[in-house]
Amino acid sequence: MSVAIDPRAASSTILAGPTDLVGDEIVPISLVEVDGITVGVPRLMPGAAEWATVRATEASADAYREAALGQLDRRGQIPCVDISAAVNFRLNAGTAVASAAVGFEAYANFHLDRLSAQTAADAAERPLNERYAEELPALFGVDPPTQEDWWPAFRRVQSLAALQRHAVERPSTKNGLVGEKSLSQRFYDREYAGAAETMLAAFEYFTPDWISDDRQAALRALTDQRT
């Protein structure tokens, strides 16, 4: 993969055609209007940027969780965590599950857009788990992934993202989650963990090498540089 192309952008290698172009990478564009001028903007690789974000924020959440719990203030009856570390933990854990859900959505909708406009629009209205269990398997001609090892984690991340998106703090039950807990309790129980790995597993099930090793390495380097 060319280092000149941002790994978060969609790209493909030219395999046939003029010899001076074969082997080059091209980036598909969308057209937008800016100040009366039509410009081309790069399309994102569905799920790639989100995967990089999830990977980074998962690691940050773990680090902040350890810091928060390692600096307990025991002056009162109830030990309290370090405020700054706890806030950063919560922000990173929430970002991890929310970004994972966006990545799952981006991947599913990108492929389902290959269907007729009305069929794709109808599919987009279905819950995420139904698109992955029914719509995508039908499109790719594979078995539903509901018995795959990554499926429970997929459902867990989906439900955590819904609680995060709607800011549901009260103890609650939800499909894909175990027990009745507050969102804070679920985060401190590290239910966000494994979201990045689950994204790769889901993408790989339908489209092997969707985020190639080279792209993963470039995304890691880019994210680590920014953080």
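Scanning the stretch 128-140 for residues that are of a type in the set (Phe, Trp, Tyr) and exposed (fewer than 14 other Cβ atoms within 10 Å of the Cβ) turns up at least one hit.
With a requirement of 2 or more residues that are in contact (Cβ under 8 Å) with a residue 12 or more places away in the chain, in contact with a helix residue (DSSP H, G or I) (Cβ under 7 Å, 6 or more places away or on another chain) and exposed (fewer than 14 other Cβ atoms within 10 Å of the Cβ), none of the helices (runs of 4 or more DSSP H) lying completely within the stretch 141-227 satisfies it. Looking at this structure, is GLY76 surrounded by fewer than 19 Cβ atoms within 10 Å (Cβ to Cβ) and part of a strand (DSSP E or B)? No, not satisfied.
Consider ALA100 carefully, then state whether it is crowded, with 16+ Cβ neighbours inside 10 Å and either in contact with a strand residue (DSSP E or B) (Cβ under 8 Å, 6 or more places away or on another chain) or assigned to a helix (DSSP H, G or I) (or both). Quick ask: steps written out before the conclusion?
Values: crowded, with 16+ Cβ neighbours inside 10 Å: yes; either in contact with a strand residue (DSSP E or B) (Cβ under 8 Å, 6 or more places away or on another chain) or assigned to a helix (DSSP H, G or I) (or both): yes.
Answer is yes for this residue.
Every number here is computed from the coordinates shown, using simple stated rules; none is lab data. Keep in mind it's a predicted model, so treat the numbers as computed, not measured. No Cβ is skipped: glycine too gets one built from the backbone with ideal geometry, and neighbour counts run over all protein chains shown.
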